[in-house]
1. Give the lysines whose C-alpha is closer than 25 Å to that of LYS134, dropping any in the same chain fewer than 8 places away, or say none.
2. Within the stretch 245-265, name every residue whose backbone N is under 19 Å away from a label modeled 7 Å from Cα of ASP214 along the Cβ vector.
3. Work out from phi, with θ = phi - 60° and the Karplus expression 6.51 cos²θ - 1.76 cosθ + 1.60, the ³J(HN,Hα) of each residue of the stretch 16-32, listed in order in whole Hz, and give x for Gly and Pro.
4. I'd like to know which of ILE231, VAL156, LEU90 lies farthest towards the positive end of the charge dipole of the chain, counting +1 on Cβ of Lys and Arg and -1 on Cβ of Asp and Glu.
5. What FRET efficiency comes out for the pair THR257/SER225, r = Cβ-Cβ distance, R0 = 22 Å, nearest 0.05?
6. Find how much the distance from GLU232 to ALA13 grows on full extension, using 0.36 nm per residue of separation minus their present alpha carbon separation; answer in nm with one decimal.
7. Counting helices only, and only those DSSP H runs with n ≥ 4, report the 222 nm mean residue ellipticity of the chain as the sum of -39,500 (n - 2.57) divided by its residues, in deg cm²/dmol to the nearest 500.
8. How would you classify the stretch 118-216 from its alpha-carbon gyration tensor, with a ≥ b ≥ c the square roots of the eigenvalues: rounded for a/c under 1.5, else prolate if a/b is greater than b/c, otherwise oblate?
Amino acid sequence: MLEVHTIDELREALAAERMKGRSIGFVPTMGYFHEGHITLMKEAKKRADTAVVSIFVNPTQFGPNEDLDKYPRDLDRDRSMAQEAGVDILFTPSAEEIYPEGYASYVDVIGITRVLCGKSRPGHFRGVATVVTKLLNIVQPNIALFGEKDWQQLAVIKKLVADLNIDIEIVGMPTVREEDGLAMSSRNIYLAPEERSAALIISKSLKLAQNMVDNGEGDASNILSALRGAIEGEGLVELEYLEICDPESLVPVKEITADTLIAIAARVGAARLIDNALIRPQLENTGDLV
Ligand code: PAF
């Protein structure tokens, strides 16, 4: 595995790959890898000849009181996990490499960034859209892969790629879960043992929603009140939002008649956790929840 720190070095390495006729699969990350990241890397390697992974804790997507400084980092561990997963090129730029002195351009996807996480994290998706646009321009991959745990982020990226005519296939991959259902996240490291147990109510309530729909419930407000009751019964979990919405537009829906997204954000101790599930009427289950 080749590791590069600068855009010039990366472009040179990628030009050599393209000269050999190799396709490029790209996984942008903020590091501190877990099985979700590894799944994306392996899929990149399956779908393209050369797998490129970036590790960059992007300062522009963190608010002033968020966890930029505390965000977990372990480059040595990440490097060996990426190598093990078959990654060909690891890009680990500095903040100055991505945002040099005088940097002044931002990408703002309006509409879908103003709901769900966008309400409590103003500016977050502007930072995500900016860095992802930059990374896609730098790497110019054939495909780029993202996890569906960050469903809204994936929707924002699909929208910006369509709106800005960026000719890259965006692939969403199902959320990878711990055996007990907790969605994998680098931020799970913030959870004390009793908080981790309490956090299970999040994935359990998504499962409850699917069960209700399987049993014929289609009224979103009934599902929301059942889930709210379950989550609020868990003392250590402070619900930030719980919404049932259209999976693409993220507009709330009243009746579940088609594939519908249930999205949750909650604070558990020092961790802000998000999770979601696509609820499918008439189908047995979403396949990825315990
Ligand atoms: O999901 C993440 O890890 C980040 O938001 C991303 C897409 C790498 C942009 O910084």
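1. Reachable lysines: LYS20, LYS42, LYS45, LYS46, LYS70, LYS119, LYS149, LYS158, LYS159.
2. 256-263, by backbone N distance to the label point.
3. 5, 5, 5, 4, 7, x, 8, 7, 10, x, 10, 10, x, 9, 10, x, 6
4. Of the listed residues, the answer is VAL156.
5. Efficiency at R0 = 22 Å is approximately 0.70.
6. Net length gain for the segment: 73.7 nm.
7. So the helix-based figure for the chain works out to -11500 deg cm²/dmol.
8. It comes out prolate by the Cα gyration axes.
All of the numbers you see were taken from the coordinates with simple rules; none came from a lab. In this text the structure is predicted, and so the values were computed from the model without any measurement. Please note: Cβ atoms are built from the backbone with ideal geometry, for glycine as well, and neighbour counts cover all protein chains shown.
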